[in-house]
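The values are calculated or read from the model by the stated rules, or taken from the named source; none is laboratory data. Given the structure is predicted, the values throughout are model-derived calculations rather than measurements. All Cβ positions, glycine included, derive from the backbone under ideal geometry; neighbour counts span all protein chains shown.
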Amino acid sequence: MNEQDKEILHVKRLLSSKSAEIRTLNEGQHFKNAERTRDEHAAVGKSWKEFWQIFTLEDFPDTCPFCGEPLQVNEIDGCHIKIAGFLEGSWSSKKYIIPGHHGCNMQLGDEFDARIGIKAVEAIEK
Ligand SMILES: [Zn+2]
């Protein structure tokens, strides 16, 4: 991402005056795909994919956090996840967004160990 792209994303966030919690998902950390309804739209940005970038100001990873396979920008979804809690079988009450394959995003309810470290942005709905 060049400086101009970054500036545009930054301005989008400022204009929205929204804030979202950002957590770091470490490599090996446990998470699961979160169910969502089709009518949940990102509060900022034109998609959940752009939403992630607006709040992280980072390039998309070239490895999918779900499967560890190469990730091309055009196949990325902004995926809703829940992060495992300290207690066995407990999950974060909030949903977070991370980039990943569309196909990986479709495996609703499946559990994963993060294949790379990645920032997870609290999903703020419209
Ligand atoms: Zn994947």
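Close contacts from segment 56-73, counting a first residue that is at positive phi and a second that is more than 9 Å from the ligand (Cβ to nearest atom), with Cβ to Cβ under 7 Å and a gap of 6+ residues or different chains, come to L57/K6; L57/L9; L57/H10. Of everything in segment 39-74 that is at pLDDT 95 or above and of a type in the set (D, E), the residue that is nearest to the ligand (Cβ to nearest atom) is E69. Those strands (runs of 3 or more DSSP E) of segment 82-126 in which at least 1 residues are surrounded by 13 or more Cβ atoms within 10 Å (Cβ to Cβ), without any contact (Cβ under 8 Å) to a residue 40 or more places away in the chain and in contact with a helix residue (DSSP H, G or I) (Cβ under 8 Å, 6 or more places away or on another chain), considering only elements entirely within it, cover 96-101.
Once segment 37-55 is narrowed to residues that are of a type outside the set (D, E) and touching a residue at least 60 places away in the same chain (Cβ under 8 Å), the residue that is surrounded by the most Cβ atoms within 10 Å (Cβ to Cβ) is W52.
Residues that are touching a strand residue (DSSP E or B) at 6+ places or on another chain (Cβ under 7 Å) and in a loop (DSSP other than H, G, I, E, B) were ranked within segment 67-81; the one that is surrounded by the fewest Cβ atoms within 10 Å (Cβ to Cβ) is C67.
Test K32 against the stated conditions and say whether it is surrounded by 15 or more Cβ atoms within 10 Å (Cβ to Cβ), among the charged types (D, E, K, R) and more than 12 Å from A120 (Cα to Cα). Yes; evaluated as a whole, the condition is true for this residue.
Taken as a whole, the structure places A20 among residues that are in contact (Cβ under 8 Å) with a residue 60 or more places away in the chain, surrounded by 13 or more Cβ atoms within 10 Å (Cβ to Cβ) and assigned to a loop (DSSP other than H, G, I, E, B).
Scanning segment 1-17 for residues that are exposed (fewer than 12 other Cβ atoms within 10 Å of the Cβ) and in a loop (DSSP other than H, G, I, E, B) returns N2, S17.
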